[in-house]
Amino acid sequence: MRDVAIIGVGATKFGELWDKSFRSLGLEAGMKALEDAKLSGEEIDGVFIGNLSAGRFIDQQHIDALVADYSGMATHHIPATRVEAGGASGGVAFRQGVMAVASGLHNTVLVGGAEKMTDLDDASINHIMDSTADAEWEAGMGLTLASLYAMIARRLMHEGTATREEIASVAVNSHFHGELNPGAQFKKAVPIETVLRAGPVASPLGMFDCAPITDGAAAVVLCPLEDAKKYTDKYVKVSAVAQASDTLALFQRPDITTFGATVAAAQKAYSLAGITAKDVNVAEVHDDFSVAGILALQDLGLYKKGEAGKAFLNGDTKVGSGKVAVNTSGGLKARGYPIGAAGVAQIVEVAEQLRGTADKRQVKDAKYGLAQSVGGTGSAVTVSILEAV
Amino acid sequence: MDVGIVSYGAYVPRFRIRPEEIGRIWGVDGKGMGKGLMINQKSVPGCDEDVVTIATEAARNMMARVPGVDPKDIGAVYVGSESHPYAVKPTASIVAEAIEATPDMTAVDMEFACKAGTAGIQACMGLVGAGMVRYGVAIGADTSQGAPGDALEYSASAGGASYLIGSENVIAKINRTLSFTTDTPDFWRREGQPYPLHGGRFTGEPAYFKHITSAAKKLLAAAGAVPSDYKYAVFHQPNGKFPTRVAGMLGFLPEQIETGLLTPSIGNTYSGSVPLGLAAVLDKAQPGDRIFVTSYGSGAGSDAFDITVTDAIKSYKRENAPTLEKVLANPVYLDYGLYAKHKGKIIMSE
Amino acid sequence: MSSVAREWREIPGRYNLEGSKCECCGKVYFPKRDFCPKCRRESLGKVSKHKIDRKGDIFSFSIIHEAPECNDFLKPYAVVFVKTKDDVLIAGQLVDADLDKIQIGMPVRAVLRKLDSDGASGVIHYGFKFVPDV
């Protein structure tokens with residue numbers, strides 16, 4: 001297996017992009033990544049795209065063909081593959097791309113993630129999101145994805161692992177960073193009172209505990225590490241891509257206050273990268289619901305059980321705190337959550353941090369960065385570790 | 001062979017509305033109206049309740065009390081109602097599935113205004129008596145409709161009761177039953193129409209009173225009995241006034257009908273009315289108690305029953321399901337807006 | 001209109017909490033599985049139908065304010081994870097409960113209610129919901 005490098009990254013602005021179609025979003029992110037890598041595009045010999053549900057959001061199946069076509073790859077008959085893994089679609093697409101290059105089957109691969117959500121009404125969007133949980137026995141019984149995360153939050157609070165304020169502070173952290181990210185959907189810091197007082201969605205979680213509905217796309221270009229220098233001097237090394245699964249339904253698990261798939265993927269990733277959690281300087285975690293941020297830091301081993309909430313509340317997760325900076329992009333909560341794009345956008349952010357191009361959100365001397373992408377309620381998780389070179 | 005009631009179960013949704021609240025909307029003295037009808041409040045189904053769910057809950061309560069009865073030994077399930085959720089597609093098959101009586105059985109939905117439940121009991125008695133089935137289930141349940149502003153709106157309510165009819169371990173033997181039926185159009189609902197219409201005062205003398213007194217007198221004569229032979233009497237109760245008056249006309253005393261008279265606290269549950277009244281009596285009944293029952297269904301007919309409670313009720317597991325007293329405890333009161341929502345009276349967007 | 005068959009084939013689970021039991025290790029599953037994830041191949045052909053206890057205690061809960069369209073009439077409404085008497089965790093709605101009195105550990109039991117329907121003309125889907133077991 002070959003070592004793999006990220007030689008280019010790109011993302012659209014995230015938000016309610018009324019004048020942008022799925023096609024234009026995907027193309028924009030891809031072109032930015034190619035430009036960043038200083039490639040013309042002809043070098044690309046494989047495309048992977050993370051996408052949750054174009055079939056239902058815009059009535060378009062066969063996204064792989066659409067992307068290949070509109071990115072000009074189809075002219076050269078470059079293979080394109082669409083990847084779906086719930087909210088982890090982007091993370092899994094990235095892993096597929098890395099594996100393709102590492103294996104030697106592909107040399108230069110474009111990994112994209114895109115979702116056009118706002119063409120659909122809110123109720124239908126929520127219905128699609130809910131179907132990333134168990135459609136028959138969770139959503140079909142009247143539960144929503146938000147309510148499932150609320151069950152987790154309730155248990156954390158019941159067991160004394162986190163307080164409501166600590167859970168809310170995950171969103172505060174994301175909004176703090178969102179203000180520093182020009183591409184974020186919400187470029188505004190919020191005080192904890194705003195999160196606590198927001199309208200209820202699924203108690204104990206409210207509006208500000210939930211990631212928004214977002215249009216957007218992100219892309220990265222991969223090549224063998226040994227070839228990276230040929231293209232650019234601002235590349236980063238992919239030290240590990242690990243993926244793990246768990247039951248589709250949350251209620252099938254013995255413990256709902258931990259995502260076993262995150263624990264498993266993290267262990268594998270640290271071992272592949274030859275590091276420990278202590279070595280991580282910056283982390284993008286899947287905060288589609290605030291409470292997930294607490295689970296993430298604990299399951300990734302960045303904090304002990306019961307400590308992650310305090311870290312968020314104390315501001316230890318903010319850039320410049322000297323501790324591991326979490327969701328410097330604004331996370332899913334403030335940067336936005338175009339589902340299939342989210343996992344790839346995390347890689348874009350971590351790469352920017354490691355190569356020192358993260359501007360106002362730059363973490364000083366970041367050496368190792370981690371991205372965690374989650375599908376459903378932890379049914380699929382990827383943990384990727386990038387390294388500055 | 002003694003054919004009778006082997007078990008029973010009752011269910012009434014927890015929501016209530018008072019007549020004064022209904023009257024407030026229509027500019028009518030609702031309180032006075034309630035007083036005249038002897039209805040203090042009526043039951044209202046939850047937004048996720050209908051005749052299927054009410055009948056199922058009643059039937060499950062019934063089955064819980066006879067853990068020794070294998071539901072597969074039930075050969076017939078009849079659900080009497082005038083508010084079946086489907087015009088075509090039986091309620092009975094859903095209920096039968098829910099109590100796991102399927103598939104070797106017969107099932108059908110019945111409708112005869114307010115007496116379809118007791119008609120089901122008679123049909124089950126026939127099947128059991130003929131040896132065609134070991135047990136039959138007869139359910140009377142409704143989420144009755146009353147047109148907004150109409151007098152019926154003050155009474156039409158929701159609830160039901162379920163009866164397991166058989167010949168083994170009978171807790172209440174049905175000594176005799178007979179019916180009295182004529183073509184009397186006092187109350188009806190045409191196919192596809194949401195609300196029933198009625199003949200106003202015509203629903204009284206030539207309809208309710210004539211049919212109940214005729215059936216009751218014929219049964220008393222056939223049984224060689226007099227009203228004082230019975231500990232309890234249950235008459236169809238579209239309101240509190242009619243059954244009280246008909247009891248007097250037949251020579252029954254207020255204390256005989258008191259236990260089975262639920263209308264003042266839950267309104268008129270239509271097909272559930274007499275089955276629920278009888279359930280309230282069976283909740284209290286002791287061995288040897290004799291019960292006189294006469295239902296009434298508009299259109300019109302009455303089914304009368306002469307019942308004797310047996311010793312088997314002593315070992316009967318009544319405590320395995322809630323008594324009506326418990327079912328009716330802790331109601332939640334609705335205002336008319338919520339009531340309209342519960343009853344699906346609000347036109348929603350597509 | 002959603003598929004009639006898709007809902008119909010789930011009736012045993014929806015009405016009567018029919019799940020599965022692995023005859024190899026004795027573990028009980030809900031919803032049903034044809035294969036025991038613990039015993040894997042050994043369990044093939046040895047997983048039998050098993051009804052889950054209708055009674056249990058609340059393990060966790062949430063009050064849903066942002067509801068799917070089919071539950072617009074019920075909101076706000078409670079959803080629960082219930083640990084049944086046979087130690088199986090199940091998800092469902094909790095109805096007929098005072099929302100401010102719901103607590104972890106509260107005893108509940110499953111009843112049959114309407115879950116959804118395919119509009120005014122389509123099929124009605126029934127299934128279990130929980131009510132306080134008082």
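Okay, here's what the table says:
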{"quantity": "Residue within segment B:261-268 that is open to solvent by 50 Å² or more (accessible area, probe 1.4 Å) and in a loop (DSSP other than H, G, I, E, B) present", "calculated": "no"}
{"quantity": "Filter result for B:D303 (in a strand (DSSP E or B) and more than 17 Å from B:A158 (Cα to Cα))", "calculated": "yes"}
{"quantity": "Number of positions in segment B:74-98 that are of a type in the set (S, T, N, Q) and either more than 20 Å from the chain's Cα centre (by Cα) or away from chain C (no Cβ under 14 Å) (or both)", "calculated": "1"}
{"quantity": "Matching residues in segment B:322-334 - criterion: being surrounded by fewer than 13 Cβ atoms within 10 Å (Cβ to Cβ) and part of a loop (DSSP other than H, G, I, E, B)", "calculated": "B:A329, B:N330"}
{"quantity": "Segment C:56-74, subset facing chain A (nearest Cβ under 10 Å) and in a loop (DSSP other than H, G, I, E, B), residue nearest to A:A139 (Cα to Cα)", "calculated": "C:P68"}
{"quantity": "Residues of segment C:89-124 classified as under 22 Å from A:I256 (Cβ atoms), more than 9 Å from every other protein chain (Cβ to nearest Cβ) and in a loop (DSSP other than H, G, I, E, B), total", "calculated": "5"}
{"quantity": "Identity of the residue in segment A:281-305, open to solvent by 10 Å² or more (accessible area, probe 1.4 Å) and assigned to a loop (DSSP other than H, G, I, E, B), that ends up nearest to A:T12 (Cα to Cα)", "calculated": "A:N281"}
{"quantity": "Filter result (open to solvent by 70 Å² or more (accessible area, probe 1.4 Å) and either within 11 Å of chain C (Cβ to nearest Cβ) or not in a loop (DSSP other than H, G, I, E, B) (or both)) within segment B:308-319", "calculated": "B:D311, B:K314, B:E319"}
{"quantity": "Failed item in (1) touching a residue at least 40 places away in the same chain (Cβ under 8 Å); (2) within 14 Å of chain C (Cβ to nearest Cβ), with B:A101 passing the rest", "calculated": "(1)"}
{"quantity": "Any hit, segment C:122-134, residues being open to solvent by 50 Å² or more (accessible area, probe 1.4 Å) and in contact with a Lys or Arg (Cβ under 9 Å, 6 or more places away or on another chain)", "calculated": "yes"}
{"quantity": "Residue in segment B:25-43 that is within 14 Å of chain C (Cβ to nearest Cβ) and over 30 Å from B:G200 (Cβ atoms) present", "calculated": "no"}
{"quantity": "Total residues in segment B:44-72, condition more than 13 Å from every other protein chain (Cβ to nearest Cβ) and aliphatic (A, V, I, L, M)", "calculated": "3"}
{"quantity": "Filter result (in a strand (DSSP E or B) and away from chain A (no Cβ under 12 Å)) within segment C:29-55", "calculated": "C:V47, C:S48, C:K49, C:H50, C:K51, C:K55"}
{"quantity": "Criterion: at positive phi, in contact with a strand residue (DSSP E or B) (Cβ under 7 Å, 6 or more places away or on another chain) and of a type outside the set (S, T, N, Q) - qualifying residue of A:G113, A:G86", "calculated": "A:G86"}
{"quantity": "Complete set of residues in segment C:64-106 that are open to solvent by 60 Å² or more (accessible area, probe 1.4 Å), more than 27 Å from A:N126 (Cβ to Cβ) and more than 13 Å from the chain's Cα centre (by Cα)", "calculated": "C:K85, C:D87, C:K101, C:Q103"}
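Conditions (1) over 30 Å from A:T377 (Cβ atoms); (2) crowded, with 24+ Cβ neighbours inside 10 Å, marked per residue:
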residue	(1), (2)
A:G72	yes, no
A:P79	yes, no
A:M117	no, yes
A:L120	no, no
A:I125	no, no
A:S131	no, no
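The values are calculated or read from the model by the stated rules, or taken from the named source; none is laboratory data. Please read these numbers as outputs of a predicted model, since none were measured by experiment. With ideal geometry, Cβ positions are generated from the backbone for all residues, glycine too; neighbour counts draw on all protein chains shown. These accessible areas exclude ligands, DNA and RNA; they are computed on the full protein's heavy atoms, side chains included. Shrake-Rupley method; radii C 1.70, N 1.55, O 1.52, S 1.80 Å.
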